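The values are calculated or read from the model by the stated rules, or taken from the named source; none is laboratory data. The shown structure was predicted, so the numbers you read here are calculated from the model rather than taken from an experiment. Using ideal geometry, Cβ is built from the backbone for each residue, glycine included, and neighbour counts are taken over all protein chains shown. With ligands, DNA and RNA removed, areas are computed over all heavy atoms of the protein, side chains included. Shrake-Rupley method; radii C 1.70, N 1.55, O 1.52, S 1.80 Å.
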Amino acid sequence: MKKVLGVTLGILTAFGGFVDIGDLVANALVGSRFGMSLAWVVVVGVVGICVFAEMSGRIAAVSGRPVFDLVRERLGPRAGLVNLIASLFVNVLTLAAEIGGASLALELATGVNYLLWVPAVALVAWLVMWRVKFETMERVFGLMGLALVVFVVALWQLGPDWGGLVEQATRPRVPADEGVPTYFYYAVALLGGAMTPYEVFFFSSGGVEERWTRKDLVMSRANVFAGFPLGGLLSLAIAACAATVFLPDMAQVDSLGQMVLPVGLGLGQIGLALVIVGVFAATFGATLETALSSAYSVSQYFGWQWGKYVRPLRAARFHATLLVSMVVATALILTTVDPIKVTEYSLVFSAAALPLTYLPVLMVANDSDYMGGKVNGRFSNFLGTVYMVLLVVVAVAAIPLMLATKAGQ
């Protein structure tokens, strides 16, 4: 049972990467506009994050050190600082959106405006990170987030044209009423969401928090190969639900309420209640993940004591960074900026920062000084190299596509 519960680290990380507030709506929007023709991006993202998360988990288990701790050491302080600034910017943007997303879920449940929930969500999240043990935190919200499996059940109940969905996914093409730049803008955004840098920061730091050793390599891989594909499956189910309900009427999804509508149509009020619970758990879990990732990266770069496994007084600067990140993100979302738009922009910016994150992971995973006999094999290096080329292309194209399409409009 302990080993089964241990997989929730991967589940929580996967929810943060694939089904946070931006991706919940982005996948529904993509499904309503493009059908399943961008499903290949989710598959590419799942394989990519599995490749590098496995490396980062192995690094944490073998060396006892998290990824960002090695970024500065491997790239040097200047390149490490650029990586830190870029990742921190993306993390805080995403954190603001996740706080807003959890608040939107509460608005759906209560009818109370989400802005009134924002301070309460931020306060509770900070208290959870301050007082709740890491293992308890990851297991509670990782398992609660499994309520989002209701999308899979709802898709079955909606009775879609399975042949049509499969054809869209296996023979992708740009719809006649959509431009090629817009199509690839959403492809970049989906890939950026699937392989967001904070995922490996959180995952490897979480492995250190849980004191992984070489004996835990099997557990690490179980987290990767169970959690991340599950997140990808849920993304595909969300897109397929939207394609089934909205695409025939050419209606676009641009809100959380519209995103959960297919579940209500397929499963009624019980399904709607479950999906709201799942959305809250996923976005609240992503709030914890992004906030902790911000504090992890800053503390690890500067060599401070960090982590929930040490007493707060011994890691005062870590907890101070955590608190400042929460305050800044809360202030940003209280400006009434759309939390969904914030996350969509953060996905594109994260795509532009991907090579800086994953290059040192690939380098360290091949360094016998850190890894001993647990360095990458030929297949891992082949996949890692292919993805590095892909990520460089994505990083170069991300911002121009955003400007050319006016963020997918």
Can you name the residue in region 292-303 that is over 21 Å from the mean Cα position of the chain (by Cα) and of a type outside the set (Ser, Thr, Tyr) and is also most open to solvent (accessible area, probe 1.4 Å) among such residues? PHE302
For region 294-351, what are the residues that are free of Cβ contacts under 8 Å to residues at least 40 places away in the same chain, of a type in the set (S, T, N, Q) and not in a loop (DSSP other than H, G, I, E, B)? SER299, THR321
Residue tally, condition touching an Asp or Glu at 6+ places or on another chain (Cβ under 9 Å) and among the aliphatic types (A, V, I, L, M), over region 96-114: 1
Filtered residues of region 157-182 (kept if closer than 20 Å to GLY232 by Cβ, part of a helix (DSSP H, G or I) and open to solvent by less than 40 Å² (accessible area, probe 1.4 Å)): LEU165, ALA169
Scan region 361-395 for residues that are within 17 Å of ASP69 (Cβ to Cβ) and open to solvent by 70 Å² or more (accessible area, probe 1.4 Å) and jot them down. ASP369
Would you check if there is a residue in region 102-116 being touching a His at 6+ places or on another chain (Cβ under 8 Å) and either within 30 Å of VAL43 (Cβ to Cβ) or not charged (D, E, K, R) (or both)? no
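Residues are listed down the side, and each one gets a yes or a no for (1) of a type outside the set (Asp, Glu); (2) open to solvent by 20 Å² or more (accessible area, probe 1.4 Å); (3) touching a Lys or Arg at 6+ places or on another chain (Cβ under 9 Å):
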site	(1), (2), (3)
VAL245	yes, yes, no
GLN258	yes, yes, no
ALA273	yes, yes, no
THR290	yes, no, no
GLN305	yes, yes, yes
ARG317	yes, yes, no
THR321	yes, yes, no
ALA351	yes, no, no
Working carefully through the options SER204, SER220, find the one that is outside any loop (DSSP other than H, G, I, E, B) and either modelled with pLDDT of 85 or more or within 15 Å of the chain's Cα centre (by Cα) (or both). SER204
The helices (runs of 4 or more DSSP H) lying wholly within region 58-140 that contain at least 3 residues that are more than 22 Å from the chain's Cα centre (by Cα) and among the aliphatic types (A, V, I, L, M) are 77-110, 114-131
